[in-house]
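See structure below.
The values are calculated or read from the model by the stated rules, or taken from the named source; none is laboratory data. The model shown is predicted, which means the values in this text are computed figures rather than measured ones. FYI the Cβ positions are ideal-geometry reconstructions off the backbone, even for glycines, and counts take in every protein chain you see.
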Amino acid sequence: MEINKNANISDTQWFLYPNGYDSNINLLITDASKRILAATILGCTSRVILQSIPMVLVCDKGSTIPAIQYAEARGYNIHRAEPNSSAGELLEPGDAQGPAATIVETGDGGLPLTRAGIILGRILEYVCYATNHPYLAILIDDLPSLGQVPHIENVLAMSSKINVRFCMTAEHMSEVAAAYPATHIKIIENCKVFF
């Protein structure tokens, strides 16, 4: 586990280098204000979109708007998760030429947090058992608020093998430990952690 207390948040180009950045290529940012954490997720999202990488974005409905507009302008096929959405239909680009952007919106007018966590779990299970593994970025704002997301520990552990990269935020490391009492160490060990 690598914990870098003096790291620069702009050092989040982790997902642009799938084979050469670091052995711990998933990113967990903690102990910052909500504004900084939200800005970090949107900054990572803009870099993912700039590189035309398929993505899953989980964050508050209000904060997704600029990301969605930018993704649409770059030719992304936007999928908004609904309560009964299947992972396959959310991740597949369909007939569109651009990559898929799966948007899981929470908060006012969006999905309840626990429902968003369940949908994310479906996506992670689908990715784990997929027969091919195209590159995918998963960006999660306030991971602990989603409750225990099914399969997240396993996908983090095998992320380099299945071409998945995570950027996640949490206000405090203690919240990650509270949401995942039995597995938070496994989560942390599979991430580059920035305080």
GLY75 fails exactly one of (1) at pLDDT 90 or above; (2) surrounded by 14 or more Cβ atoms within 10 Å (Cβ to Cβ), namely (2)
For segment 152-180, pairs from a residue that is within 11 Å of VAL127 (Cα to Cα) and in contact (Cβ under 8 Å) with a residue 60 or more places away in the chain to a residue that is part of a strand (DSSP E or B) and hydrophobic (A, V, I, L, M, F, W, C), with Cβ under 9 Å and 6 or more apart or across chains, are SER159/ILE138; SER159/PHE166; ASN163/LEU136
Could you go through segment 98-107 and let me know if any residue there is modelled with pLDDT under 90 and more than 18 Å from SER159 (Cβ to Cβ).
yes
Exercise for the section: Determine if segment 173-189 includes at least one residue that is in contact with a strand residue (DSSP E or B) (Cβ under 8 Å, 6 or more places away or on another chain) and closer than 26 Å to GLN51 by Cα. Expected result: no
Going through segment 46-69 in order, the residues found to be in a helix (DSSP H, G or I) and either touching a Gly at 6+ places or on another chain (Cβ under 9 Å) or at positive phi (or both) are LYS61, GLY62, SER63, THR64
In segment 54-89, anything in contact (Cβ under 8 Å) with a residue 60 or more places away in the chain and either hydroxyl-bearing (Ser, Thr, Tyr) or farther than 17 Å from THR106 by Cα (or both) is listed as PRO54, SER63
Do we have any residue at all in segment 160-172 that's out of contact with any helix residue (DSSP H, G or I) (no Cβ under 9 Å at 6 or more places or on another chain) and among the charged types (D, E, K, R)? yes
Query raised in the report: Just a yes or no: is a residue in segment 142-150 charged (D, E, K, R), touching a residue at least 60 places away in the same chain (Cβ under 8 Å) and either in contact with a Pro (Cβ under 7 Å, 6 or more places away or on another chain) or crowded, with 19+ Cβ neighbours inside 10 Å (or both)?
Result: yes
When restricted to THR106, THR45, THR64, the only residue β-branched (Val, Ile, Thr) and closer than 20 Å to GLN148 by Cβ is THR106
Out of curiosity, is PRO54 surrounded by fewer than 24 Cβ atoms within 10 Å (Cβ to Cβ), modelled with pLDDT of 90 or more and over 22 Å from SER159 (Cβ atoms)? no
From the option list GLU105, GLU72, GLU125, single residue qualifying as outside any loop (DSSP other than H, G, I, E, B), over 17 Å from the mean Cα position of the chain (by Cα) and of a type outside the set (Gly, Ala, Ser) is GLU72
Cβ pairs under 6 Å, 6+ apart or interchain, first in segment 29-45 and assigned to a loop (DSSP other than H, G, I, E, B), second surrounded by 22 or more Cβ atoms within 10 Å (Cβ to Cβ), ordered by first then second residue, are THR30/ALA170
